[in-house]
Amino acid sequence: MFTINPIASDYCGSPNPRTLTWNKRTHCCSWSGVHCEDTTGQVIELRLSCSGIQGKFHSNTSLFQISSLRRLDLAGNDFSGSLISPRFGELSSLTHLDLWRSGFTGVIPAEISHLSKLQVLHIWTVVAYGLRLGSYNFELLLNNLTQLRELDLLFVNISSSIPRNFFSYLTTLGLPDTQLHGLLPGRVFHLSNLEYLCLSYNSLTGPIPSKVSGLQNLQLHAL
Amino acid sequence: MENHIYLLFLLFLFQYYFLSISAASSNETDQQALLAFKNLVTSSSHVLADNWTKNTSFCSWFSVTCSPKRQRVVALELPNMQLQGTISSSLANLSFLSVLNPENNSFHDGIPFGLGHFPLLRVIDVRNNQLQGSIPTSLFQHQRVPKISLGFNKLGGEIWTGPWYVPELRALNLGNNSLTGIIPSSVGNATKLINFSLAGNRIRGNLPKEIGNLSQLAFLSLYDNQLTGSISTSLFNISSLVTVSLALNRLSGSLLLNEGNIVSNLEFLSVSNNQISGCIPSNICQLRELQVLSLSLNNITGEIPRNIGCLSNLEEFYIGDTPIKETIPTSIGNIFTLQYVDCTRNSLEGPIPPELGKLSNLRITVNFNNLSGTVPAATDLHLPNLKLLLLGENQLEGETLLFITNASKIEAVGLENNFLKGTIPTNLGNLRELRGLFLTSNQLMNEPREHELQFFNSLADCRMLRYLEVGYNPLNGILPNSIGNLSSTTEAVNLADAHISGFIPASTGNISGLITLVFKNNNLMGNIPSEIGKLKQLQGLSLSNNKLQRHISEAVCHLSNLVKLFLQVNELSGEIPECIGNLSMLLDLSLGSNKFSSKIPLSLWKMSGLLYFDVSRNSIEGEVTPDIGELKAILELNLSSNNLSGVIPSRLGELLHLQYLDLSNNSFSGQIPFSFSNLISIEYWDLSLYDLSGTIPKSLEKLSYLKSINVSYNVLDGEIPSGGVFANSTLQSFVGNKGLCGMHILEVLPCPITKSGQQSKSKKLVLKIVIPVVTSSFIIFLLVSIWIMKRKKIAKSKDVEKVPEINTYPLISYHEIQ
C-alpha cells in the first residue's frame, strides 16, 4: 500500500525504514516500531515516525482496525495530499496521536474530538497543504479532549477564538500562526502544569495579567 | 529546571505576542531582512542578484516561501546553489521562519545566534558549508525543532553542556566539525531522536548511559572522536537501532550485551580502532539482524565465538589487528550471506576449515596469522564460489596448489610467505576473474624438466590480471616469449630472486599496462631489450643484480612516466644516454656497480625533481660541472668510486635538501667549498680518498643534522672544528691527511694556539689552555722569585717575561701517529 523512500527527508535526516524489516517469520510484536501489551499481546503502539513511508493514506487502511492502539506516531512520513480520515476517530483508545509534518491536507475531521482519552495531539504541516480545522471544531476539540496534556498545531488554520473554558492538564500549548483571534482568556495564565506556551503570530487581544509570578520585569524587557 | 523552562517560554510568548499585536514587525521587515541577506551573498550564477529585486513581491522570490495569508517568510531554502558569503544576522528578523536550509553552499562565518529563539523554527540545515564559530546554545533548548543539521562545517567550541531540552528533535547532525567538550547526560532528554551524529569531531569523555533512553534512535554515528570509557550495555537494548558507529575513539572495556532476550534490529556495528578488550560475547547472537560487524584494531582476546554462525545475516566481518586466537570456527560456513571476512594480523591457528568452501561470493583475508597445516587439497575444499583468498604470512604447507584451479570465480589468491612447495599450476587460465596472484617467498618451482616458466602460458588467459607476484621462489627457468601475452590490464610483474636465467624476452614490451616490472636478483643476461621502451605506463623498472650487458638503450628514455629506475649491479657499459634527462618524473636513479664509462651526461644535472642518484662503482670520468646545483630536490647523491676529477663545484652547496653525500674514492682536488656549510639537511657525508687540500671549514659545525663525516685520506691540514658533528667524530674520519689537528678528539694532538687563524676562540679553549698557562706562569714566577730571594743575588728580575713557551709542539700528521 505504501512505498518506502529511503532518501533523506527534510525533517528527519535519513529515514529509518522500519517497516522493511517487518516479515511474517517473526511475531508482529517484535517488529521494529511495534509495541504490544504484555498480558494481552494486543498492539498498543505504532511508532513509525521518519520511516520513509510514502503514499496515499486511505480510509480503508487496516490500521483503523487496531482499536487497541494507544499511541500512533506517523510524523515525518510522506502522505502528501491525503486527507485525515474521519476514521481516526474510531481509534478510541488513542492517548498519543502525532501527525507532525506528514503531508496530510484538508480539513481535520470533527471525529478527532471523539478521541476522549487523547493526551497528546501534534499536527503540523507545511503551509502549502492548507490543513485547517472546520468551524466550531476547535471548541469541540477543547470541550471533549479533557485529558489533553500536549496540543501542538502549527500552520493549521483554526480561525477561531480560544474558548474560555478548557482543559487544565496542559503542559504544552503550541498554537502559533493558527489565525486565532479574539480575547486571550486569562485562564491560560493559570494552567499550573504549563511548561511550554506559544501563541505567537495570531490576532489575540487582551491584557497579560500582572499576576504571572515574577515575570513583570521580563514583560517590560520583552517589549 | 522545569520552572526555568517555564519562564523561558513565557518570555517567548510575550516577545512575539506583543510584537504581533503591536505590528512592530511586518512583511516590510521581512523584505529588508532578505535584501540584507542577499547583500552578503555572491554566486557565479547571480541567481539572487537577478531574482531578488524590489520589482516583485519577496514572496515570489526564488527559494522563498511565505505564509499565504500573512505574507511572511516561513521558509528559506537555498540548497546546492554555489552561494558564497555569510549568513546575515538580519535573518534573525524573519520571525516567522520555520525552515532555513542553505545546505551545500560555501557560507562562512557564524550561524546567526538569534535563530534558536524563533518559535516556529522546525528545520535548520546548514550542512556542508564552511561555517565557523560556535553553535547557538538556544538550539539545544528549542522545544519544537525536529531537525538540526550542521554537519560538515568548521564549527568549533564546546558542545553545550547545559540541559538539552529538545523533546521534538528527530535529527541532530553535528558531524565533521571541530567541536570539543563532552556529550552531556541530558542528551537522554531528546527521546524522539532518530539520527544522531557527532562523528569527526574532538568530543571527549564517556558515552553517557542516558543514550540508552533514546528509544527511537536508529543511527548513532560517533566515530572519529576521543571518547573514553566503556560501551554501555543499555545501548543494545534500543530495539530501533540500525547503525552504530563508534570506530576511531579510545573506548575501552568489554563489548557486552545484556543477558536475556533483547529485540535488536541492529544491522551495522563498528567499534574498530578503539581499546576494547575482553572476548567477543557469545550472546552476540542476539544481534540477529547484524550485517556488518567490525571489531578490528582493538585488544579483543579469546577466540571468535564458535557459534558465530548464528549471525545468519552477516555480510561483512572484520576482526583484523586484534590478538584473537584459536581456530577459525567452522560455523562461519553456515553464514550463507557472508561476503567479506578480514582476519589480518590475528593469532589464528590451525587449518582453514573446509566449510568455507560452501560459501558463495566469499572474500576472506587471513594474512599474518599462525595458520598451519596443509593448504587444502582439492578434495577437501570446493572453491568454485570463493572470490578472494588471502592467506599470506602464515605457516601453511602443501605440495600442490591445484586447488586454486577449481576456484573459477576467484579474484585474488594470496599465499605469499608460507612454506609451500611444488609447482605453480600451469592451468590457471580457468581463473577468468583472477586479478591478483601473490605467491612470493615460498619454495615453489617450475614444472620439472621444463626450461621455460610454463605457468606464463596459461596466465595469458586471465584477462583481468593486474598483479603477478611470484618472486622469491626457486623457480629455475627462463622467461618464455608468452610473457608478452599477459593481459594489458597487468600492472605489476614481480619475479625478483627467482633463479631466472636467460634473456629478457623482447615481448615483455607488449604488456602495455605495466606499471612496475621487477626482475631483480636473478641471472638474466644479454641487453635490456629496446622493446621495454613501449611500456609507456611504466613507473618502476628494477633489473638490478643480474648480468645484463651492453649499453642502456635510448628506448628507456621513452618511459616518460618512469619514477624509479634500478639498474645497479649489472655489467652495463658504455655511456649513460644523454636522453635520460628527459625522464622528468624520475625520482630514483640507481646505476651503481656497472661498467659505465665516459662522462655523466649534462642533462642529468638538470633533473630538478630527482631525489636519489647513485652512479657509484663505475668508471665515470671527467669533472662534475657546476650544473650539479640544478638537482634542487636531491636527497641522496652517491658518485663514489669513479674517476671523477677537478674541483668540487661550490654550487653543490645549493642542494639544500641533501642528506647523504658520498664523493669518496675519486680524484677530486682543490678545497672543500665553504658553501658546504649551506647543506643544512646533510646527515652523512663522505669526502674521503681524494686530493682535497686546505682546511675543513669551521662553518660546517652549524650542520645540525650531520651524523657522520669522513674526510680521511686527503691532504687537508689545519684544525678540525670542534662543534657540531665534529664533537662526536672519531679518528677514523680524519686519518690519512697531511696535518689535521684538534683538541677535542682524544687521539689527535692539539693545534698550536700561536698559529693565528687556527686558534679556537671558544671559551672551552680559553679554560683549557689560557688558564693553565697563566697559572703555571704564576707558579713558575713564584718559584723563581723564591729562588732569587733565597740567593739574594739580584734585587730585581725581569724573568717573568722569559717564562718558557709551552705551546710549541710540532704538527704531526696522522700517518705518523699510526
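Quick note: the coordinates plus some simple rules give every number you see, no bench work behind them. All of these numbers come straight from a predicted model, not from anything done at the bench. We place every Cβ from the backbone using ideal geometry, glycine too, and count neighbours over all the protein chains shown.
I need the semi-axes of the equivalent ellipsoid of the stretch B:228-277: take the C-alpha gyration tensor, multiply each eigenvalue by 5, square-root it, list largest first in whole angstrom.
19, 13, 7
With only Lys, Arg, Asp and Glu charged, each at its Cβ (+1 for the first two, -1 for the last two), find how big the charge dipole of chain A is about the Cα centre; round to the nearest 20 debye. Don't skip to the end; give the middle numbers.
Working: 15 positive and 14 negative charges, 30 e Å.
Roughly 140 debye for chain A.
Whole number please: convex hull volume per residue of the Cα set in the stretch B:577-698, in Å³?
On the way: hull volume 10.2 nm³, N = 122.
So the per-residue Cα hull volume is 84 Å³.
Based on the alpha carbon coordinates of the stretch B:399-546, what radius of gyration and maximum Cα-Cα distance (Dmax) apply, in Å?
14.0, 40
Simple spin-label model, 7 Å along Cα-to-Cβ: B:S693 to A:C29 in nm?
According to this spin-label approximation, the distance is 10.5 nm.
Could you calculate the FRET efficiency of B:T161 with B:T730 from 1/(1 + (r/R0)^6), where r is the beta carbon distance between them and R0 is 60 Å, rounded to 0.05?
On the way: r = 61 Å, r/R0 = 1.02.
Efficiency for this residue pair is about 0.50.
Taking beta carbons within 10 Å but only from partner chains, what does the mean come to for residues A:26-35?
3
If r is the Cβ-Cβ distance from B:V715 to B:F419 and R0 is 41 Å, what FRET efficiency results, to the nearest 0.05?
The value I calculate is 0.10.
Going down the table (B:K358/B:K387; B:K358/B:K409; B:K154/B:K192; B:K325/B:K387; B:K606/B:K632), which pairs top 18 Å between alpha carbons?
Over 18 Å Cα-Cα: B:K154/B:K192; B:K325/B:K387.
Can you pull the three principal axis extents for the Cα set of the stretch B:223-313, in Å, largest first?
Sorted largest first, the three principal extents are 30, 28, 21 Å.
Dividing the alpha-carbon radius of gyration of the stretch A:33-102 by 2.2 N^0.38 Å (N being the number of residues), what value is obtained?
Details: Rg = 11.9 Å, N = 70, 2.2 N^0.38 = 11.1 Å.
Cα Rg divided by the expected 2.2 N^0.38 Å: 1.07.
Considering the alpha-carbon set of the stretch B:164-229 alone, what are its Rg and its Dmax in angstrom?
So, for the stretch B:164-229, Rg and Dmax equal 10.9, 29 Å respectively.
State the extension gain, in nm to one decimal, for the chain segment bounded by B:T180 and B:F503, taking 0.36 nm per residue of separation less the distance between their alpha-carbons.
Taking 0.36 nm per residue and subtracting the Cα distance, the gain is 110.0 nm.
How big is the Kirkwood radius of chain A, worked out from every pair of different alpha carbons and given in Å to one decimal?
18.8 Å
Using the Cα centre of chain B as the reference point, and only Cβ charges (+1 on K/R, -1 on D/E), how large is the resulting charge dipole? Debye, rounded to the nearest 20.
With Lys and Arg at +1 and Asp and Glu at -1, about 2660 debye.
Could you pull out every Cys in chain A that lacks a partner Cys with its beta carbon under 4.7 Å away?
A:C28, A:C198
With everything on Cα atoms, drop me the angle between helix B:771-791 and the longest principal axis of chain B, reported from 0 to 90° to the nearest 10.
In chain B, helix B:771-791 runs at an angle near 40 degrees to the longest axis.
Peptide B:137-145: average number of partner chain Cβ atoms within 10 Å per residue?
2
Testing the spin-label approximation: label points 7 Å from Cα along Cα→Cβ at A:K117 and B:S44. State their distance in nm.
With each label point 7 Å from Cα toward Cβ, the separation is 6.1 nm.
Please report the antiparallel percentage of DSSP beta bridges with both residues in the stretch A:3-205, rounded to the nearest 5.
Here the share of antiparallel DSSP bridges comes out near 15 percent.
Report Rg/Rh for the stretch A:71-162, rounded to two decimals, where Rg is the Cα radius of gyration and Rh the Kirkwood radius.
Working: Rg = 11.9 Å, Rh = 12.9 Å.
Over the Cα atoms of the stretch A:71-162, Rg/Rh equals 0.92.
Let me know the Kirkwood hydrodynamic radius for the stretch B:259-372, please, with Cα pairs as the basis and the value in Å to one decimal.
Over the stretch B:259-372, the inverse of the mean reciprocal pair distance is 14.0 Å.
Between B:K738 and B:Q537, what is 0.36 nm times their sequence separation minus the Cα-Cα distance? Round to one decimal in nm.
67.0 nm
Could you tell me how many degrees, from 0 to 90 and to the nearest 10, lie between the Cα long axis of helix B:2-22 and the main elongation axis, the longest principal axis, of the Cα atoms of chain B?
70 degrees
What spacing in nm lies between the two simple spin-label points modelled at B:R306 and B:N261, each 7 Å away from Cα in the Cβ direction?
My value for the distance between the label points is 2.6 nm.
If the protein assembly as shown were replaced by its equivalent ellipsoid, with semi-axes equal to the square roots of 5 times the Cα gyration tensor eigenvalues, what would those be, largest first, whole Å?
Values: eigenvalues 1163, 413, 166 Å².
With the √(5λ) rule applied to the protein assembly as shown, the semi-axes are 76, 45, 29 Å.
I'd like the orientation of helix B:27-39 relative to chain B: the angle between its Cα long axis and the longest Cα principal axis, in ° from 0 to 90, rounded to 10.
20 degrees
Let me understand the stretch B:489-574 better: what is its radius of gyration from the alpha carbons, and its Dmax, in angstrom?
Spelled out, the Cα radius of gyration and Dmax of the stretch B:489-574 are 11.6, 35 Å.
Report the percentage of all Cα-Cα pairs in chain B whose separation exceeds 37 Å, rounded to a whole percent.
67 percent
Which semi-axis lengths, in whole Å and largest first, follow from the square roots of five times the eigenvalues of the Cα gyration tensor of the stretch B:669-717?
Here the semi-axes work out to 18, 12, 8 Å.
Restricting to the protein assembly as shown, what percent of DSSP beta bridges are antiparallel, rounded to 5?
Expressed as a percentage, antiparallel bridges in the protein assembly as shown total about 10.
How high is the FRET efficiency from B:E621 to B:T374, r the C-beta distance, R0 45 Å, rounded to 0.05? Let's see the in-between values first.
Working: r = 59 Å, r/R0 = 1.31.
It comes out at approximately 0.15.
Could you line up A:T125, B:T327 from fewest to most neighbouring Cβ atoms inside 10 Å?
Working: A:T125 22, B:T327 15.
Fewest to most other Cβ atoms nearby, the residues stand as B:T327, A:T125.
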